[in-house]
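**Q** Dropping a structure here in structure tokens format, bear with me for questions.
The values are calculated or read from the model by the stated rules, or taken from the named source; none is laboratory data. Predicted, not measured: the structure shown is a model, and the values here were computed from it. For neighbour counting, all protein chains shown are included, and Cβ atoms are generated from backbone atoms with ideal geometry for every residue, glycine included.
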Amino acid sequence: MVESPQPPPEVTSSEIAILPDFQDVAAEMGIHAPFYTDTIPGRYFLPEIMGGGATWIDFDVDGQLDLYLTNGARLEPSAGPRIRGNWLYRGQVGASFALVDESLGAGDTGYGQGSAAGDFNADGFPDLYVGNVGPNSLYVNEGDGTFSLVTTLAPVADPAWTSSVLWLDLNRDGWLDLYVVNYLKMTLEDRKICEYEKRPGYCGPGQYAAAPDHVYLNAGDGT
């Protein structure tokens, strides 16, 4: 355990009495990004009741934070038309956001969960890693406002159900490494249905085996 050389700050009773006051201003700021769950009655596939994730990223390096939001997708791709991919909102002066077109490359179409921003190739532009139910995606920031999918080049696809991701320099070599937090081992074919007072429902995570987390060390050459 590492102890701080500084003593803990004193907290007064007046400070304790101050409660945070958060207000939902998404619509006011121009953000409207509904999450598609692909819920099918009677299927009871656990991912379909899970939400997505959000990442702050200054992708165009203009000093204004931008917002990346994951979206759901068809859990059975053949079941219908493609759902809109993930959402990228550009932060604008004056505390508002503008939706960036999917054609710029970061509109991943997997069933999105957690995501994280980090400059893995150290070119000064933050890149994106997107965790999905199924293969994940790595997008390199080209520095011109667009992203390119480079998952197969890295390669860091990770086929598991990923719930969260983190960029960090694990071995202190100056290159960002990737920690992928995986959730459960399950597929549509081996999903389970549990009964609650003789009524079918979703089985909790305790009914499935855990999926191991994975660490990807950055080689410093784009892989």
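**Q** Against the condition at pLDDT 95 or above and over 20 Å from the mean Cα position of the chain (by Cα), how does TYR202 come out, does it pass?
**A** Taking the combined requirement at face value, the residue satisfies it.
**Q** Still on this structure, I have one more. Only one of (1) at pLDDT below 90; (2) not in a loop (DSSP other than H, G, I, E, B) fails for ILE83. Which number is that?
**A** Here ILE83 meets the rest and fails (2).
**Q** From ASP127, ASP144, ASP123, ASP158, which residue is out of contact with any Cys (no Cβ under 9 Å at 6 or more places or on another chain), closer than 28 Å to LEU188 by Cα and charged (D, E, K, R)?
**A** So the residue among ASP127, ASP144, ASP123, ASP158 that is out of contact with any Cys (no Cβ under 9 Å at 6 or more places or on another chain), closer than 28 Å to LEU188 by Cα and charged (D, E, K, R) is ASP158.
**Q** Considering each residue of segment 61-78, count those that are within 15 Å of GLN113 (Cβ to Cβ), outside any loop (DSSP other than H, G, I, E, B) and of a type outside the set (A, V, I, L, M, F, W, C), and give that number. Working first, answer last.
**A** Initial filter on segment 61-78 (within 15 Å of GLN113 (Cβ to Cβ)): 68-73, 75.
Add one more test, that the residue is outside any loop (DSSP other than H, G, I, E, B), and what stays is 68-69.
Subsequent filtering for residues that are of a type outside the set (A, V, I, L, M, F, W, C) retains 68.
Adding up the residues that qualify gives 1.
**Q** Within segment 87-96, identify whether any single residue is assigned to a loop (DSSP other than H, G, I, E, B), in contact (Cβ under 8 Å) with a residue 24 or more places away in the chain and either out of contact with any Cys (no Cβ under 8 Å at 6 or more places or on another chain) or not small (Gly, Ala, Ser) (or both), and answer yes or no.
**A** yes
**Q** I'd like the full set of residues that are closer than 16 Å to ASP60 by Cα and either modelled with pLDDT of 95 or more or buried (at least 22 other Cβ atoms within 10 Å of the Cβ) (or both), limited to segment 97-115.
**A** The answer is PHE97, ALA98, LEU99, VAL100, ALA106.
**Q** Same structure, new question: For segment 25-60, name all the residues that are among the aliphatic types (A, V, I, L, M), loosely packed, with under 15 Cβ neighbours inside 10 Å and in a loop (DSSP other than H, G, I, E, B).
**A** Answer for segment 25-60, where residues must be among the aliphatic types (A, V, I, L, M), loosely packed, with under 15 Cβ neighbours inside 10 Å and in a loop (DSSP other than H, G, I, E, B): VAL25, ALA26, ALA27, ILE40.
**Q** While we're looking at this one, here's another question. Any chance you could count how many residues in segment 164-177 are touching a residue at least 60 places away in the same chain (Cβ under 8 Å) and buried (at least 17 other Cβ atoms within 10 Å of the Cβ)?
**A** Narrowing segment 164-177 to residues touching a residue at least 60 places away in the same chain (Cβ under 8 Å): 164.
Checking which are buried (at least 17 other Cβ atoms within 10 Å of the Cβ) leaves us with none.
Adding up the residues that qualify gives 0.
**Q** Within segment 184-205, restricting attention to residues that are free of Cβ contacts under 8 Å to residues at least 40 places away in the same chain and within 30 Å of TRP167 (Cβ to Cβ), which residue is surrounded by the most Cβ atoms within 10 Å (Cβ to Cβ)?
**A** Across segment 184-205, the extreme among qualifying residues is LYS185.
**Q** Kindly indicate the residue of segment 130-185 that is in a loop (DSSP other than H, G, I, E, B) and of a type in the set (Phe, Trp, Tyr) and also nearest to TRP56 (Cα to Cα) among those meeting that condition.
**A** Narrowing segment 130-185 to residues in a loop (DSSP other than H, G, I, E, B): 142-146, 150-160, 169-176, 183.
After this cut, where a residue has to be of a type in the set (Phe, Trp, Tyr) as well, the list is 175, 183.
On the way: TRP175: 20, TYR183: 23 Å.
If we take residues in segment 130-185 being in a loop (DSSP other than H, G, I, E, B) and of a type in the set (Phe, Trp, Tyr), then TRP175 is nearest to TRP56 (Cα to Cα).
**Q** Quick one: which of ALA219, ALA160, ALA209 is touching a residue at least 24 places away in the same chain (Cβ under 8 Å), touching a Lys or Arg at 6+ places or on another chain (Cβ under 8 Å) and exposed (fewer than 12 other Cβ atoms within 10 Å of the Cβ)?
**A** Going through ALA219, ALA160, ALA209 in turn, just one is touching a residue at least 24 places away in the same chain (Cβ under 8 Å), touching a Lys or Arg at 6+ places or on another chain (Cβ under 8 Å) and exposed (fewer than 12 other Cβ atoms within 10 Å of the Cβ): ALA209.
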